[in-house]
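The values are calculated or read from the model by the stated rules, or taken from the named source; none is laboratory data. In this text the structure is predicted, and so the values were computed from the model without any measurement. Ideal geometry is used to build each Cβ from the backbone, glycine not excepted, and the neighbour counts take in all protein chains shown.
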Ligand code: EPZ
């Protein structure tokens, strides 16, 4: 089992290149199943979850080729016309595998996808995904741990989601592309990753209006050609590095970024006392002295992203003042609290609220990663803790961050991976 060892106390300085967004590239790769020709995806991040998705697509019969610049070519023309099964072994390691459901159903009229099951941060149901497929005319049964869906041809419909769901919006959007007639998605998620997926689908010949708003209208088409798309920058990776720089009192520039997708996160960093300069694809941050504590309430985009909650909690741990953090999206996304307490933080959890009282300094210790963003918050805390912090189970980290220790080392951090 690999670990990461961080030596705290050094301000981060320099430039870091932001990779393509994990939460955009995963649905975009699945969208390749909808096409009759090759889809070329550029700016793909080198992540474990990307490799898992490619394995799943290959198992379904897609031809996959990787260029050295991590450009991926998906050839869906050899996908078999039968047994479209996303097996439990793959789905249990990555919930986003459920995103092959919509494309398989729309293109081949049948799909069997293992129920993803829960994960550390919550039960993660897929009832809205199923509701959307049924609204489009699919017969869906859930048995023996599988979602089994069938449909001669999907028919456009009006789908009103009971709650805002990124994955359900993406899955049903992809299913609607090849449905007959018009589909209207109401109460749709508005995340930038959905806009990016829609841009890729339109490049392939789809007809979509309103992506990025809570009402998306799709005019079904007969077929989808191939296409080419460069994945949007990862706003969560960028936010993670900016918080790291703010915590360490450093000055960094994030390049190949998309500040226009990060409004509320950048505002919160300013509120904490960071000086920010944004260009079209770059973000400069400088923090003098100790951050001020900030209050956070997570909610669907454009409100504060739940995927940045753990990172800002780490900053509040050493900030001046008390920060109150409300997690409204997932029922168990405070797994990092216990580990931050081991580093000397002062945090009290009451239900979905964490009250963080900033301390002068944290002290390094062995800690354990529990989920992707919790792992990131432990690395950030290690960057400021006195002495050495060792983070175990860092396979969580590798799911969503490309070479995080290389990028942090490039900014002057003393961080290394050990077996
Ligand atoms: C996506 O997960 C992201 N993952 C998550 O990022 C992110 O935290 C989440 O959106 C919220 O922004 C990917 O894009 C691959 P949801 P998703 O459906 O789609 C409930 C990371 O760290 N819900 O928007 O699974 C659900 O339980 C990951 O990069 C239902 O009840 O999230 C949750 O409470 C973690 N029924 C809420 O909605 C459903 O059918 C939002 O979930 C679907 C969701």
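What the table below lists for this structure:
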| item | result |
| --- | --- |
| Single residue of the stretch 294-327 satisfying the filter (more than 16 Å from the ligand (Cβ to nearest atom) and farther than 19 Å from residue 250 by Cβ) that is farthest from the chain's Cα centre (by Cα) | 321 |
| Residue check for residue 78: at pLDDT below 95, farther than 18 Å from residue 237 by Cβ and away from the ligand (no atom under 14 Å from the Cβ) | yes |
| Pair list, Cβ < 6 Å and 6+ apart or interchain, from the stretch 167-185 residues that are without any contact (Cβ under 8 Å) to a residue 12 or more places away in the chain and at positive phi to residues that are outside any helix (DSSP H, G or I) and within 16 Å of the ligand (Cβ to nearest atom) | none |
| Residues of the stretch 286-325 satisfying the condition of being farther than 23 Å from residue 400 by Cβ and in a strand (DSSP E or B) | 286, 292, 320, 322, 323, 324 |
| Per-region count, the stretch 119-142, residues more than 6 Å from the ligand (Cβ to nearest atom) and under 20 Å from residue 155 (Cα atoms) | 12 |
| Residue count, the stretch 148-177 (criterion: crowded, with 24+ Cβ neighbours inside 10 Å and either within 12 Å of the ligand (Cβ to nearest atom) or closer than 17 Å to residue 218 by Cα (or both)) | 12 |
| Test result for residue 59, surrounded by fewer than 17 Cβ atoms within 10 Å (Cβ to Cβ) and free of Cβ contacts under 8 Å to residues at least 12 places away in the same chain | no |
| Residue 77 vs. criteria in a helix (DSSP H, G or I), out of contact with any strand residue (DSSP E or B) (no Cβ under 9 Å at 6 or more places or on another chain) and in contact (Cβ under 8 Å) with a residue 12 or more places away in the chain | no |
| Which listed residue is assigned to a strand (DSSP E or B), modelled with pLDDT of 95 or more and surrounded by fewer than 24 Cβ atoms within 10 Å (Cβ to Cβ), from 202, 140 | 140 |
| Residue check for residue 267: under 20 Å from residue 233 (Cβ atoms), more than 16 Å from the ligand (Cβ to nearest atom), touching a residue at least 40 places away in the same chain (Cβ under 8 Å) and surrounded by fewer than 17 Cβ atoms within 10 Å (Cβ to Cβ) | no |
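Here's the yes/no breakdown for (1) touching a helix residue (DSSP H, G or I) at 6+ places or on another chain (Cβ under 9 Å); (2) part of a helix (DSSP H, G or I):
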site	(1), (2)
65	no, no
68	no, no
102	yes, yes
105	yes, yes
134	no, yes
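Yes/no matrix, rows are residues, columns are (1) part of a strand (DSSP E or B); (2) more than 19 Å from the chain's Cα centre (by Cα); (3) modelled with pLDDT under 95:
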{"site": "347", "(1), (2), (3)": "yes, yes, no"}
{"site": "355", "(1), (2), (3)": "yes, yes, no"}
{"site": "360", "(1), (2), (3)": "no, yes, no"}
{"site": "370", "(1), (2), (3)": "no, no, yes"}
{"site": "380", "(1), (2), (3)": "no, no, no"}
{"site": "383", "(1), (2), (3)": "no, yes, no"}
{"site": "396", "(1), (2), (3)": "no, no, yes"}
{"site": "416", "(1), (2), (3)": "yes, yes, no"}
